[in-house]
1. Which pairs do you get when a residue that is under 16 Å from residue 86 (Cα atoms) and within 10 Å of the ligand (Cβ to nearest atom), found in segment 115-139, comes within reach of a residue that is of a type in the set (Val, Ile, Thr) and modelled with pLDDT of 95 or more, reach meaning Cβ atoms under 7 angstrom, with the pair 6+ apart or on two chains?
2. Could you tell me whether residue 103 is surrounded by 14 or more Cβ atoms within 10 Å (Cβ to Cβ), farther than 18 Å from residue 61 by Cα and among the hydrophobic types (A, V, I, L, M, F, W, C)?
Amino acid sequence: MAAPSRAGAVVPALLLVASLALAAGCTRQPEAPEVEEEPAPDTATASAAGTFATGLEARDVSYNRATVTVPAGTLVTLTFANNDIVTHNFAVYETAAAANVIFRGEIIRPGTIDYRFNAPSQPGTYFFRCDVHPTFMTGDFIVTAS
Ligand SMILES: [Cu+2]
């Protein structure tokens with residue numbers, strides 16, 4: 001009488017070991033999630049001038065707003081969403097003749113960018129435009145007393 005083969009028991013045991021090894025591999029700790037780096041706060045600037053956040057959108061070769069209003073002397077973050085199929089930017093000038101640039105945002109393809117700049121300390125009505133379409137993408141950049 002032949003001894004019962006043990007192969008039938010050995011093979012499943014090996015498979016079990018192999019699958020455990022695979023499972024262990026899968027449960028390995030993922031890489032530490034990337035922490036978004038915050039720039040060190042410039043407390044002197046932030047407390048002295050304050051910050052202000054606003055937004056602007058470009059679509060169909062026009063802005064969604066005719067005015068952008070910010071408090072004087074603040075550090076402005078303007079989130080510019082180019083939801084168009086062509087490039088645009090946002091630039092601020094002292095006058096409607098585009099004299100004396102105050103801030104010129106990078107021209108971007110469709111997408112979003114945060115423009116950061118200091119608002120003029122002098123309240124008044126300034127001028128903004130898209131440098132790519134300077135004749136019809138324009139508006140009033142209004143600086144209020146802060
Ligand atoms: Cu444009």
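1. 129/138; 131/107; 132/87; 132/107; 133/61; 137/61
2. Against the criterion (surrounded by 14 or more Cβ atoms within 10 Å (Cβ to Cβ), farther than 18 Å from residue 61 by Cα and among the hydrophobic types (A, V, I, L, M, F, W, C)), residue 103 qualifies.
The values are calculated or read from the model by the stated rules, or taken from the named source; none is laboratory data. Only a predicted model underlies this, so the values are computations on that prediction, with no experimental measurement involved. We place every Cβ from the backbone using ideal geometry, glycine too, and count neighbours over all the protein chains shown.
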